[in-house]
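Chemist: Sharing a structure below in structure tokens format, with a few things to ask.
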Amino acid sequence: MRFKLLPPFSVAPLAMVALGALTATGCSNEGLTTKNSAQGALPKAEGGGAPSLEIGSDSVFYPNNLPSALKGRQAYTANCAGCHGTYLTAQERLDLSKEAGLPADQQVVRKGLEKEGRWPETKPLNGPDFNDRDWRFQRTPGQLFQLIAYGSMPDKLGIANTRWIQHPGPVLGADKKPVKDASGKVQYKPGLGWMDAIQIQRGGLEFVSGDSVPVWDSIYYVWSRSIAVKSVSNFADVWKIYGENCSVCHGDIAKGNGPLSKQLNPMPFNFQNRKALAETTDAFLFWRISEGGQFRNIPKPIQDTMSSQALGLYVHQWSAMPSWRGLLTEEQRWMLVDGVRSKTYEHE
Ligand code: HEC
Ligand code: HEC
């Protein structure tokens with residue numbers, strides 16, 4: 001298992017911070033009321049957009065339709081793979097290994113990947129390895145949307161005056177097309193967004209869409225890499241665990257809250273709320289599943305990763321949510337995080 005458990009939650013890179021905070025939880029009474037004044041320090045994105053993750057703000061457009069990792073794969077390959085490398089799903093790797101010994105004209109999977117520009121699989125030249133979930137467990141999809149759409153995001157949503165991360169985007173010319181150098185290479189600059197620059201293909205034509213959908217699709221594509229690599233065969237197990245332990249309150253994952261839900265106050269969280277899940281981190285979901293609803297404080301390292309608005313909206317302190325730490329293994333709890341997430345976008 002990649003994630004080493006350090007009580008009471010397991011997220012390895014946070015572990016040192018976490019332990020520090022835990023010893024301090026007794027005297028920290030910040031609990032649910034931490035202010036996120038990072039909101040006050042939002043820089044203006046170049047080009048006039050003012051990125052904000054405030055709930056209800058109109059700069060994080062959340063798509064009405066399910067974002068699609070499948071469509072995102074195409075947008076990613078065309079726009080992002082040059083820096084971030086190409087990724088295959090676990091199934092594609094399996095299929096390739098089966099075809100490896102066949103004559104070239106019978107290698108169907110490989111040909112398909114070549115056509116899509118995804119073969120050979122390459123390592124990232126820049127940024128994190130998306131196959132490794134550690135890069136994203138403290139991120140919300142909404143935060144990443146802000147980074148890619150507008151070019152920058154706060155590192156920690158719950159901390160005032162946090163470091164701002166800048167992401168490179170294409171420099172656009174007067175014709176709104178990416179500026180290329182003499183050798184035909186696109187010019188990038190940190191802090192520039194992709195909202196008006198992400199190229200997509202439709203009907204055999206390549207064009208810039210100028211709306212948020214392909215940005216969301218590409219975010220969920222990279223987001224899903226670390227799920228796709230390890231969990232293909234695990235999902236059947238996830239829904240079994242979910243059905244046995246969670247659906248009585250949370251309902252059928254595809255439908256929303258279950259039979260017991262109306263008797264509970266606060267009501268169980270509804271996993272059909274995709275916007276809420278786009279505003280939460282895996283670190284938070286894992287902690288919540290592990291600790292349940294009877295807690296005094298949200299550990300500081302978890303608070304730091306989410307905006308105070310999101311925590312205020314989605315977390316009630318003395319709820320009926322059971323603690324699963326002693327009942328489900330660490331791996332099972334991570335699988336549930338992945339499972340619940342995998343329903344918020346069209347998974348490959
Ligand atoms: C010109 C190279 C380049 C291109 C093109 C590029 N990126 Fe990046 N990306 C980077 C670099 C460099 C970083 C690391 C930024 C940092 O941490 O300071 C990064 C980081 C990221 C991260 C991780 C942010 C975090 O810290 O959690 C995501 C997600 C990401 N890129 C998505 C994309 C997507 C989606 C596209 C295509 C629309 C894209 N990138 C195109 C260079 C690039
Ligand atoms: C006895 C009913 C009950 C059962 C069983 C139950 N939950 Fe919950 N769950 C709740 C309640 C109530 C909340 C609190 C909602 C709130 O704070 O507004 C909650 C909240 C959550 C949250 C927080 C979501 C968010 O974004 O704030 C997660 C994640 C979660 N439950 C996962 C699970 C999983 C996984 C299982 C099965 C292993 C499970 N729950 C079983 C009642 C239940």
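The values are calculated or read from the model by the stated rules, or taken from the named source; none is laboratory data. Since this is a predicted model, take the numbers as computed values, not measurements. Ideal geometry is used to build each Cβ from the backbone, glycine not excepted, and the neighbour counts take in all protein chains shown.
Chemist: Within 26 Å of Lys300 (Cα to Cα) and within 16 Å of ligand 2 (Cβ to nearest atom), is that true of Gln146?
Modeler: No: the conditions fail for Gln146.
Chemist: Consider Gln294 against the criteria (1) at pLDDT 95 or above; (2) more than 26 Å from Ala69 (Cβ to Cβ): it satisfies all of them except one. Which criterion is unmet?
Modeler: With respect to (1) at pLDDT 95 or above; (2) more than 26 Å from Ala69 (Cβ to Cβ), Gln294 is out only on (1).
Chemist: Here's another thing I want to ask about it. Tell me, which residue of the range 312-329 that is surrounded by fewer than 16 Cβ atoms within 10 Å (Cβ to Cβ) and part of a helix (DSSP H, G or I) is nearest to ligand 2 (Cβ to nearest atom)?
Modeler: My answer is Leu313.
Chemist: Let me ask you something else. Here are some conditions: (1) touching a Phe, Trp or Tyr at 6+ places or on another chain (Cβ under 9 Å); (2) more than 25 Å from Tyr87 (Cβ to Cβ). Lys262 meets all but one. Which one does it not meet?
Modeler: Evaluating Lys262 over (1) touching a Phe, Trp or Tyr at 6+ places or on another chain (Cβ under 9 Å); (2) more than 25 Å from Tyr87 (Cβ to Cβ) leaves (1) as the failure.
Chemist: Only residues in the range 65-80 that are farther than 18 Å from Phe207 by Cα count as the first member; pair them with residues that are assigned to a helix (DSSP H, G or I), Cβ under 6 angstrom, at least 6 apart or cross-chain, and list the lot.
Modeler: From the range 65-80, the pairs are Pro67/Trp216; Pro67/Asp217; Pro67/Tyr220; Ser68/Asp217; Ala69/Tyr220; Ala69/Tyr221; Ala69/Ser224.
Okay, residues lined up against (1) within 16 Å of ligand 1 (Cβ to nearest atom); (2) modelled with pLDDT of 95 or more; (3) under 25 Å from Lys189 (Cα atoms):
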{"residue": "His84", "(1), (2), (3)": "yes, yes, yes"}
{"residue": "Gln91", "(1), (2), (3)": "no, no, no"}
{"residue": "Gln107", "(1), (2), (3)": "no, yes, no"}
{"residue": "Glu116", "(1), (2), (3)": "yes, no, no"}
{"residue": "Thr122", "(1), (2), (3)": "yes, yes, yes"}
{"residue": "Asp132", "(1), (2), (3)": "yes, no, no"}
{"residue": "Arg139", "(1), (2), (3)": "yes, yes, yes"}
{"residue": "Gly142", "(1), (2), (3)": "yes, no, yes"}
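Chemist: Consider the range 264-311. How many of its residues are among the hydrophobic types (A, V, I, L, M, F, W, C), more than 10 Å from ligand 2 (Cβ to nearest atom) and not in a loop (DSSP other than H, G, I, E, B)?
Modeler: Matching residues across the range 264-311 total 3.
Chemist: Report whether or not Gln303 is buried (at least 23 other Cβ atoms within 10 Å of the Cβ) and more than 21 Å from Asp237 (Cβ to Cβ).
Modeler: Considered against the rule, which asks whether it is buried (at least 23 other Cβ atoms within 10 Å of the Cβ) and more than 21 Å from Asp237 (Cβ to Cβ), Gln303 comes out as yes.
Chemist: I'm trying to understand the selection: among the residues of the range 297-341, which are among the small types (Gly, Ala, Ser) and touching a helix residue (DSSP H, G or I) at 6+ places or on another chain (Cβ under 6 Å)?
Modeler: Result: Ser323, Gly339.
Chemist: For residues in the range 295-348 being over 15 Å from Tyr242 (Cβ atoms) and among the β-branched types (Val, Ile, Thr), which is nearest to ligand 1 (Cβ to nearest atom)?
Modeler: Here the answer is Thr305.
Chemist: Hey, another quick one. Is it the case that Leu192 is among the aliphatic types (A, V, I, L, M), within 20 Å of the chain's Cα centre (by Cα), within 13 Å of ligand 1 (Cβ to nearest atom) and in a loop (DSSP other than H, G, I, E, B)?
Modeler: No; evaluated as a whole, the condition is false for this residue.
Chemist: Now for a separate question. Only one residue in Gln332, Gln294 is at negative phi and surrounded by 15 or more Cβ atoms within 10 Å (Cβ to Cβ), so which one is that?
Modeler: Gln332
Chemist: If we keep just the residues of the range 249-263 that are modelled with pLDDT under 95 and hydrophobic (A, V, I, L, M, F, W, C), which is nearest to ligand 2 (Cβ to nearest atom)?
Modeler: Ranking the qualifying residues of the range 249-263, first place goes to Leu260.
Chemist: Taking Asp217, is it surrounded by 16 or more Cβ atoms within 10 Å (Cβ to Cβ), closer than 24 Å to Thr281 by Cβ and of a type in the set (Asp, Glu)?
Modeler: Here the answer is yes, as Asp217 does meet what is asked.
Chemist: Now, a different point. Residue by residue through the range 237-289, note down the ones that are acidic (Asp, Glu) and within 16 Å of ligand 1 (Cβ to nearest atom).
Modeler: Glu279, Asp282
Chemist: Can I ask one more? Please go through (1) touching a strand residue (DSSP E or B) at 6+ places or on another chain (Cβ under 6 Å); (2) without any contact (Cβ under 8 Å) to a residue 24 or more places away in the chain for Gly204 and return the number of the only condition it doesn't satisfy.
Modeler: The failed condition is (1).
Chemist: While we're looking at this one, here's another question. Give the residue, chosen from Trp223, Trp239, that is more than 10 Å from ligand 2 (Cβ to nearest atom) and within 20 Å of the chain's Cα centre (by Cα).
Modeler: Trp223
Chemist: Considering only residues that are among the small types (Gly, Ala, Ser) and assigned to a helix (DSSP H, G or I), which ones fall in the range 206-220?
Modeler: Ser218
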